[in-house]
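The values are calculated or read from the model by the stated rules, or taken from the named source; none is laboratory data. Everything quoted here is computed from the prediction, not taken from an experiment. Every residue, glycine among them, receives a Cβ derived from its backbone with ideal geometry; neighbour counts consider all protein chains shown.
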Amino acid sequence: MKRPSSKSPLVLVVDDYEDTRRIYADYLRFAGFRVAAANDGAEAIAKAQELVPDVVVMDLGMPGVDGWTATRELKKDPRTKNIYVMAVTGFAGDDRRLEAWRAGCDAFLSKPVLPAELVRRIMGRLTRPA
């Protein structure tokens, strides 16, 4: 197991289901990432503004402030507009994918996403220039 250090990339995991947040967060930590978590879009916005993570793993369908709205807010804020937002959602249709792109998501994965695939995609992003 890699131990996250203060130089490890920070991933913010946003999902309204505690089990999903915990599974992804545990696996990401195991892979060497620092991890923060939020249970809805409003908390995601606040934590992203405070922590400025390298990547946000954003569920789209959440009660209250949903992932589409949270992503729009992050992308229009100068402090958070360059954060890579990866939608990980149960919404699988092309129309939802297009809606995610329009909101500002940088990547789109349909659930279920195995934690190993999530790590692979995040690592692929972090090894490419912005």
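What the table below lists for this structure:
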{"read-out": "Answer residue from region 48-65, given it is surrounded by 13 or more Cβ atoms within 10 Å (Cβ to Cβ) and not aliphatic (A, V, I, L, M) and is nearest to residue 119 (Cα to Cα) among those", "value": "54"}
{"read-out": "Counted residues, region 88-108 - those being buried (at least 16 other Cβ atoms within 10 Å of the Cβ) and not in a loop (DSSP other than H, G, I, E, B)", "value": "9"}
{"read-out": "Residues of region 35-65 that turn out to be part of a helix (DSSP H, G or I) and either touching a Ser or Thr at 6+ places or on another chain (Cβ under 6 Å) or not hydrophobic (A, V, I, L, M, F, W, C) (or both), as a count", "value": "6"}
{"read-out": "Count - residues of region 62-85 that are out of contact with any helix residue (DSSP H, G or I) (no Cβ under 7 Å at 6 or more places or on another chain) and within 16 Å of residue 21 (Cβ to Cβ)", "value": "1"}
{"read-out": "Single residue of region 66-87 satisfying the filter (part of a loop (DSSP other than H, G, I, E, B) and crowded, with 17+ Cβ neighbours inside 10 Å) that is modelled with the lowest pLDDT", "value": "66"}
{"read-out": "Residue that is within 23 Å of residue 117 (Cβ to Cβ) and within 12 Å of the chain's Cα centre (by Cα), where the choices are 83, 23, 45", "value": "83"}
{"read-out": "Residue 119 vs. criteria under 12 Å from the mean Cα position of the chain (by Cα) and touching a residue at least 12 places away in the same chain (Cβ under 8 Å)", "value": "yes"}
